[in-house]
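Scroll down for the structure; my scribbles are underneath it.
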Amino acid sequence: FNAIGGMEVIKGPGGSLYGAGTGGTVLLQSPTAQRGTTAQVGTVAGSYGLLNTHAMLQTGSEKLNATALYAHQQSEGYRRHTQMRRDLFSLNTRFFASDRRTVAVNTFFSDLYYQTPGALTQAQFEADPRQARPAAGPIRGAEEQQAAVRNRTFNLGVSQEYDFNAQWTNRTSLYGTITQFENPTIRNYDRRAENGFGGRSVTTYRFGQNLENLSGKIAFGGEFQRGQTNLQTYGNRLGQLDTLQFGDEVRVNQWLLFAQAELDLPRQFYLTVGGSINRQQYSLLRTYPTNTGFQTRDFAPVLLPRVALLKKFRNEISIFGSVSYGFSPPTTDEIRPSTAAFNTALNPERGVNYEIGARGGFWNGLLSFDVTAFSFSLRETIVSRRTADGADFFTNSGRTAQRGVESRVSFEPRFSDVFQSTKLWLSYTYNDFRFRDYVQNTADFSGNWLTGIAPHVAVTGLDLQTRLGLYLNATFNYTDRIPLNDANTFFAPGYRLLGGRLGFRKDIRRFSLDVFAGVDNALDERYSLGNDLNAVGNRFFNAAPGRNWFGGVQLRMRR
């Protein structure tokens, strides 16, 4: 998390600017250094062998803003066969070449290893939630097969932002990724070499800053991505490579052209109108045991429009509504799943999302709220299934109707004598997600709850910061039961999680000290996360940790 300076979440399809996708867009921002030089070190230790350490160096000047980070994390894990370790190095730099030109170079290298214990049946989960998946007949268990994931990824991105004048700006980025991936599973041993590159260019025109009736900006541009994955599937002999079974090559090309206008209209109306044209093509080649020649599938160009309107009242409350279209083609893992069979019949997901909501505050920000109702109709929904030995495969499920409400309210009283800040907040989400027109063989699942989605989720919290430096963050989470298969015959029980962190933060001249301790799952709930949906043999459950403790210290020095 230290490598992320900020995050923006765009709910629903964001195709008008960011292309294919139906579930939303997350924009990660690089950290920004303050003027001068800052060094930071920190460590966290906790239950189940948790150890996290990091060191960060930042420098900021008129010509350069840079952040270098190294982080290491390791854990023995709550369940058997759940050890993990991760090392990360990242370097984010921005060069201010002139008043008009900024060049950024961002890179990171990540080395991640974690053991995969496999899912349990309900009886196994209730008898011993910490066990790894045991052997069953001729199928070995997860520990015996040394099931795990090893992922080494190197990413490099270069971008330039240039201001032609006060109205025109262009930002162009080039990026590339190299990944080495190994995955011994219960059934086989996958090795992958993934390489990808792409580019994106956005030109923005701002107008009407001196006009009373109309102002805004128009952004337009394009993006191209190309990826190639070479996959080899071997037999798994107790965690070691055995005979080569399949050799495959997957190539994916996708591009989009987009334009979006954000208009500030009279009477505090704000209109957003945009759209993009998206196209994707993938090619599949089996090189072993026999060369089959390329199988190519080319999806026709898709137009994704978006329209949104917002009205402000007294600069405190606003209401809004939007209509947006989404298109999500199959991913590489869905086209060539762990069953090692090419899934050329899989169709892209297509959907339209309607949203209406309100947000604002009262009493100079003492009370704030945000509530949104949405209705998302998705066709050709891609759902996951699992074979008896744990392999994934995917299929289209007809149509789903995803309706719901997302809401949040926060109260920030001001106690000037003791507390520097106080916030009490509550968020609640209702998900009425159901299958429509979904028939699997002779079974009709129409009207069933969408697999893997809890109908009700509520989270509340209290954040306190005293003027002496003491602080408290406490959170309570309620999650309703979760359907585990399309037939809705199995559900993961609902759970209640209580956690908190108590700390002391103090600035002493050039130094800043933060000492803290906390607890997760304080009620020691037994629950399952990362459920294996539609698993054969009803092996759905992946037990999450029980009550666990952590503590740490962070020291920062400024110069």
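Quick look at the numbers
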| read-out | value |
| --- | --- |
| When residues of the stretch 208-233 are limited to those that are hydrophobic (A, V, I, L, M, F, W, C) and out of contact with any Gly (no Cβ under 7 Å at 6 or more places or on another chain), the one nearest to GLY19 (Cα to Cα) | PHE220 |
| Qualifying positions in the stretch 463-496 - open to solvent by 40 Å² or more (accessible area, probe 1.4 Å), under 23 Å from ALA544 (Cβ atoms) and hydrophobic (A, V, I, L, M, F, W, C) | PHE476, PHE490, PHE491 |
| When residues of the stretch 151-189 are limited to those that are under 24 Å from ALA135 (Cβ atoms) and not polar (S, T, N, Q), the one most open to solvent (accessible area, probe 1.4 Å) | ARG187 |
| Residues being of a type in the set (A, V, I, L, M, F, W, C), open to solvent by 40 Å² or more (accessible area, probe 1.4 Å) and closer than 27 Å to ALA517 by Cβ - total across the stretch 45-68 | 5 |
| Subset tally (residues that are of a type in the set (S, T, N, Q), under 24 Å from the mean Cα position of the chain (by Cα) and closer than 30 Å to THR53 by Cβ) for the stretch 529-557 | 1 |
| Matching residues in the stretch 438-461 - criterion: being open to solvent by less than 50 Å² (accessible area, probe 1.4 Å), modelled with pLDDT of 95 or more, part of a strand (DSSP E or B) and within 19 Å of PHE491 (Cβ to Cβ) | VAL457, ALA458 |
| Filter pass, GLY36 being out of contact with any helix residue (DSSP H, G or I) (no Cβ under 9 Å at 6 or more places or on another chain), surrounded by fewer than 18 Cβ atoms within 10 Å (Cβ to Cβ) and of a type outside the set (Asp, Glu) | yes |
| Candidates ALA104, ALA142 - the one that is closer than 25 Å to LEU241 by Cα and small (Gly, Ala, Ser) | ALA142 |
| Which listed residue, of SER283, SER276, SER322, is polar (S, T, N, Q), assigned to a strand (DSSP E or B), touching a Ser or Thr at 6+ places or on another chain (Cβ under 9 Å) and surrounded by fewer than 19 Cβ atoms within 10 Å (Cβ to Cβ) | SER283 |
| Residue that is surrounded by the fewest Cβ atoms within 10 Å (Cβ to Cβ), among those in the stretch 94-150 that are among the charged types (D, E, K, R), part of a loop (DSSP other than H, G, I, E, B) and in contact with a strand residue (DSSP E or B) (Cβ under 7 Å, 6 or more places away or on another chain) | ARG100 |
| Filtered residues of the stretch 69-90 (kept if touching a residue at least 60 places away in the same chain (Cβ under 8 Å) and open to solvent by 50 Å² or more (accessible area, probe 1.4 Å)) | ARG80 |
| In the stretch 520-559, the residues that are of a type in the set (A, V, I, L, M) and surrounded by fewer than 18 Cβ atoms within 10 Å (Cβ to Cβ) | ALA522, LEU523, LEU529, VAL536, VAL553, LEU555, MET557 |
| Residue within the stretch 190-197 that is within 25 Å of SER16 (Cβ to Cβ) and open to solvent by less than 50 Å² (accessible area, probe 1.4 Å) present | yes |
| Residues of the stretch 416-435 that turn out to be of a type in the set (Ser, Thr, Tyr), open to solvent by less than 40 Å² (accessible area, probe 1.4 Å) and modelled with pLDDT of 95 or more, as a count | 2 |
| Hits in the stretch 65-114 - residues which are charged (D, E, K, R) and farther than 19 Å from THR38 by Cβ | GLU76, ARG79, ARG80, ARG85, ARG86, ASP87, ASP99, ARG100, ARG101, ASP111 |
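The values are calculated or read from the model by the stated rules, or taken from the named source; none is laboratory data. Note that the structure is predicted; figures quoted are calculated from it, not measured. Virtual Cβ from ideal backbone geometry, glycine too; neighbours counted across all protein chains shown. Side chains included, ligands, DNA and RNA excluded: accessible areas come from the protein's heavy atoms. Shrake-Rupley method; radii C 1.70, N 1.55, O 1.52, S 1.80 Å.
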